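Engineer: Supplied in structure tokens, the structure appears directly below.
Just so you know, all these numbers are worked out from the coordinates, no wet-lab data involved. This one's a predicted model, so the numbers in the text were calculated from it and none came from an experiment. Heads up, the Cβs are rebuilt from the backbone with ideal geometry, glycines too, and the neighbour counts pull from every protein chain shown.
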Amino acid sequence: MKKQIIEGSKEFLKISHIFSSQELRKKRLELCESCDMLGNVASVLNCTSCGCFIKPKIAIKLQNCPIGKW
């Protein structure tokens, strides 16, 4: 079990740099929630400008808003 935890942690560290901090996610979400382009598909927030789902998009550090809000 210990070995699995260590290996899992190593794998996470390989990709963790691509994710936004919780603070950045919160700021992005607030901007999206105040935007006229915010949509809702089957109770999932989406951007009607680019069609993306908001929660996954705000979680990726290198993503940006298609209309320049963040």
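Engineer: Need the full-extension length gain, Asn64 to Phe19, defined as separation in residues times 0.36 nm minus the C-alpha distance. One decimal, nm. Write down the numbers at each step before the final one.
Structural biologist: Values: separation 45, 0.36 × 45 = 16.20 nm, distance 1.28 nm.
14.9 nm is the gain from fully extending Asn64 to Phe19.
Engineer: Shifting gears a bit: If packing is taken as the average number of other Cβ atoms within 10 Å across a peptide's residues, how do 37-44, 18-25 rank, most packed first? Each step should come with its number before you reach the end.
Structural biologist: Values: 37-44: 10.5, 18-25: 12.2.
Result, highest mean first: 18-25, 37-44.
Engineer: Give the residue from Phe19, Pro66, Ser34 lying farthest towards the positive end of the charge dipole for segment 18-66; charges sit on Cβ (+1 for Lys and Arg, -1 for Asp and Glu) and the dipole is referred to the Cα centre.
Structural biologist: It is Phe19, whose Cα lies furthest towards the positive end.
Engineer: If you don't mind, another one. Around Phe19, which amide H atoms from residues at least 5 apart in sequence, or from another chain, sit under 5 Å from its own amide H, with H modelled in the peptide plane?
Structural biologist: Under 5 Å from the amide H of Phe19 lie the amide H atoms of Lys61, each far enough along the sequence or on another chain.
Engineer: Excluding Gln63 itself, calculate the net charge of residues whose Cβ lies under 10 Å from the Cβ of Gln63, where each Lys or Arg counts +1 and each Asp or Glu counts -1. Walk me through the numbers on the way to the answer.
Structural biologist: Details: positive: Arg28, Lys57, Lys61; negative: none.
Around Gln63, the surrounding residues sum to +3.
Engineer: Next up: With θ taken as phi - 60° and the coefficients 6.51, -1.76 and 1.60, list the Karplus ³J(HN,Hα) couplings across segment 48-58 in order, rounded to whole Hz; mark glycine and proline as x.
Structural biologist: Karplus-based 3J(HN,Hα) across segment 48-58 equals 7, 6, 10, x, 6, 8, 5, 4, x, 5, 5 Hz.
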